[in-house]
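Report on the structure given below.
The values are calculated or read from the model by the stated rules, or taken from the named source; none is laboratory data. Please read these numbers as outputs of a predicted model, since none were measured by experiment. Neighbour counts are summed over all protein chains in view; Cβ atoms, including those assigned to glycine, are modelled from backbone coordinates with ideal geometry.
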């Protein structure tokens, strides 16, 4: 028998959602909850097709951002575009815009245009990297093309990938988002090795063009099939941008956004600076230093899956997120004493696990603080924009501290951001 049309499957999911919500409210057994979920709502073709699409978009957005440590090292040593602090602005602007465009992209997703946003982002990434491949010796050109143009393109892939999934899933929501988020880890494993190898063998221009070919090939599926669940009402672009929620829930959401901002002040410091730190410190790992970035991203694969399963079982994504922040903060301060290969590899893998878990659970946490899914895109966009602001501030500050006082100061900065931000998220969980 042929598969039913995608829209009909989505409409069938809508009927199941109502029954599922009732079942989850009246069922106390965790195993029964997950059984109901799998049968009624989350074994559907449409939902898991969106997971695949989101996986690929995450690989080409956050996964590409996780590759910037290789470019940071290349721009400061081989290309000599500037100091560590000035070059870090390229990656920081890219990271900021990936998240800062989220309110606009999220609003367009609420209006029913996630696929159009994804297509636009794919074109921007290809155009930015292609132009950058011919202008790699100019700091201003790289900042504009890789930082601004490509950064906006990455954001146009990232926000739809995270926004379309939650309505398709309830009991397995965090797990589905975690599976999609592993795309970022896969991209963070593959792209650094690909870029570094191409840089060494064929030069900067072809390294950028290789990224373009990879993005265009893997974005074909999201550009064709990514879509909102049809049972969620579409908010027209003329609708109000602001919705008044219950004051307590609104206050908790605002506090959560504040905690996210503080966390992002330090979250990406290890990703941006670990390769440069290894090169400047003269440590011999027995392999090329850029592989440590792939190890860190590899740790993010189980980090995005295992905590997501735990969050679904206990229905506590905020609590699981806090636990992983604690692990990440502890490992970051431990970085100060690491001078041999074994501990550095353990640190990279563990920090990748903890940071990957935190990132994959952001969307699930926002969804848990949102009652009306019509406004999920707007709320998700606001959260990501706040995250982007933290990235924009945090990484250049870390670059300044490392240049002025050594990498130890940058590590302490990262630790403080994770610790204070994590404490804020703890307060949100306790007040729910």
Tally the residues that are in contact with a helix residue (DSSP H, G or I) (Cβ under 6 Å, 6 or more places away or on another chain) and at pLDDT below 90, restricting the search to the stretch 41-62.
6
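Tell me the helices (runs of 4 or more DSSP H) entirely within the stretch 246-332 that contain at least 2 residues that are farther than 21 Å from residue 402 by Cβ. Spell out the reasoning first.
Working: elements: 247-266, 269-281, 291-314.
Counting at least 2 such residues, we get 247-266, 291-314.
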Among 97, 65, 124, the single one that is in contact with a helix residue (DSSP H, G or I) (Cβ under 8 Å, 6 or more places away or on another chain), at pLDDT 90 or above and surrounded by 22 or more Cβ atoms within 10 Å (Cβ to Cβ) is 97
Kindly list the number of the only condition in (1) modelled with pLDDT under 85; (2) within 27 Å of residue 89 (Cα to Cα); (3) within 18 Å of the chain's Cα centre (by Cα) that fails for residue 364.
(2)
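Considering every residue within the stretch 289-296, establish whether at least one is free of Cβ contacts under 8 Å to residues at least 40 places away in the same chain and surrounded by 22 or more Cβ atoms within 10 Å (Cβ to Cβ).
Quick first cut of the stretch 289-296, residues free of Cβ contacts under 8 Å to residues at least 40 places away in the same chain only: none.
Scanning the stretch 289-296 turns up no residue that is free of Cβ contacts under 8 Å to residues at least 40 places away in the same chain and surrounded by 22 or more Cβ atoms within 10 Å (Cβ to Cβ).
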In the stretch 94-115, the residues that are assigned to a helix (DSSP H, G or I) and within 18 Å of residue 232 (Cα to Cα):
105, 106, 107, 108, 109, 110, 114, 115
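Per-residue answers, yes or no, for (1) surrounded by fewer than 24 Cβ atoms within 10 Å (Cβ to Cβ); (2) farther than 15 Å from residue 71 by Cβ:
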position	(1), (2)
146	no, no
172	yes, yes
183	no, yes
189	no, yes
Sort through 392, 369 and tell me the only one that's in contact with a helix residue (DSSP H, G or I) (Cβ under 7 Å, 6 or more places away or on another chain) and within 26 Å of residue 188 (Cα to Cα).
392
The residue from 280, 284 that alone is surrounded by fewer than 24 Cβ atoms within 10 Å (Cβ to Cβ) and in contact (Cβ under 8 Å) with a residue 60 or more places away in the chain is 280
For the stretch 303-319, name all the residues that are within 17 Å of residue 181 (Cβ to Cβ), surrounded by fewer than 24 Cβ atoms within 10 Å (Cβ to Cβ) and touching a residue at least 24 places away in the same chain (Cβ under 8 Å).
305, 306, 309, 318
Would you say residue 325 is within 16 Å of the chain's Cα centre (by Cα), surrounded by 23 or more Cβ atoms within 10 Å (Cβ to Cβ) and farther than 18 Å from residue 162 by Cβ?
yes
When only residues in the stretch 395-415 that are out of contact with any helix residue (DSSP H, G or I) (no Cβ under 7 Å at 6 or more places or on another chain) and assigned to a helix (DSSP H, G or I) count, which is surrounded by the most Cβ atoms within 10 Å (Cβ to Cβ)?
412
Subset of the stretch 111-136 (residues that are more than 16 Å from residue 210 (Cα to Cα) and in contact (Cβ under 8 Å) with a residue 24 or more places away in the chain)
111, 112, 114, 115, 117, 118, 119, 120, 121
Filter the stretch 200-233 down to the residues that are modelled with pLDDT under 90 and touching a helix residue (DSSP H, G or I) at 6+ places or on another chain (Cβ under 7 Å), then identify the one that is surrounded by the fewest Cβ atoms within 10 Å (Cβ to Cβ).
233
